[in-house]
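Scroll down for the structure; my scribbles are underneath it.
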């Protein structure tokens, strides 16, 4: 549920833009300005059909979403580069509300697709994107941004998945109305565990697949760089092969097992 007493509006002033830069530093810990969306680009995007919208607690900006127009397979789309919410507000529904306002704005422009990238190991983010917003995934980018100055990335390759958010799809419309979709029936679907299983080509010759992700990759990446790189390489190989074999990410599953949650991408042929 959205936190009470928060207000939302378009961001149009220099003070607004400066606050967006500050939030980027606070959320991701960026030290290099090259890793952030700078103030001039925020201004240009906002003034030229882009979307820059923020959440406020009294007069303090506590979160924002930013997207610009782009092209994808010849279609006019919005590229959503950033959704940032301060940590103490992340369970207040702020991110979801910002994305719904973005959807409303982009649809008003006659555009029905928003794309963005995210880290496949950020499993809570994956759940939000897939199960709350209704995205699908068909593309994997290798080390898209190079090494960044964010301490959250620990100097590791920045592999990313491409989220495709079809704003007027049946799934997205249903989520927008009811905030839920039918549960996933995963009985009999083969499982591939990124942490423990070896990957072979025969595993991709299926109609559906569950890919189990590590629940604690952030902890692994902070303590064991060798294992982290190995897991990134396995994930890179797996999803690249899956997508080339016409599998796509349709759902995301969270299971509870002995007081520990397990996280799975569900892929299906299309």
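The values are calculated or read from the model by the stated rules, or taken from the named source; none is laboratory data. A quick note: this is a predicted structure, and the numbers were derived from the prediction, not measured. So basically every Cβ, Gly included, is an ideal-geometry build from the backbone, and we count neighbours across all protein chains shown.
Any idea which of 96, 64 is assigned to a strand (DSSP E or B) and within 18 Å of the chain's Cα centre (by Cα)?
Going through 96, 64 in turn, the sole match is 64.
In the range 164-270, which strands (runs of 3 or more DSSP E) lie fully inside it and hold 2 or more residues that are loosely packed, with under 14 Cβ neighbours inside 10 Å?
Qualifying strands (runs of 3 or more DSSP E): 247-257, 260-269.
Suppose we filter 53, 8, 66 for residues that are in contact with a strand residue (DSSP E or B) (Cβ under 9 Å, 6 or more places away or on another chain), farther than 16 Å from residue 116 by Cβ and surrounded by 15 or more Cβ atoms within 10 Å (Cβ to Cβ); which single one remains?
That would be 8, the only listed residue that is in contact with a strand residue (DSSP E or B) (Cβ under 9 Å, 6 or more places away or on another chain), farther than 16 Å from residue 116 by Cβ and surrounded by 15 or more Cβ atoms within 10 Å (Cβ to Cβ).
Residue check: is residue 27 at pLDDT 95 or above, within 18 Å of the chain's Cα centre (by Cα) and either under 22 Å from residue 161 (Cβ atoms) or buried (at least 20 other Cβ atoms within 10 Å of the Cβ) (or both)?
no
If residue 207 satisfies every condition in (1) without any contact (Cβ under 8 Å) to a residue 60 or more places away in the chain; (2) more than 24 Å from residue 87 (Cα to Cα); (3) in contact with a strand residue (DSSP E or B) (Cβ under 6 Å, 6 or more places away or on another chain) but one, which is the exception?
Among (1) without any contact (Cβ under 8 Å) to a residue 60 or more places away in the chain; (2) more than 24 Å from residue 87 (Cα to Cα); (3) in contact with a strand residue (DSSP E or B) (Cβ under 6 Å, 6 or more places away or on another chain), the lone unmet condition for residue 207 is (1).
Please go through the range 103-152 and pick out each residue that is without any contact (Cβ under 8 Å) to a residue 12 or more places away in the chain, over 15 Å from residue 83 (Cα atoms) and assigned to a helix (DSSP H, G or I).
Selection gives 104, 108.
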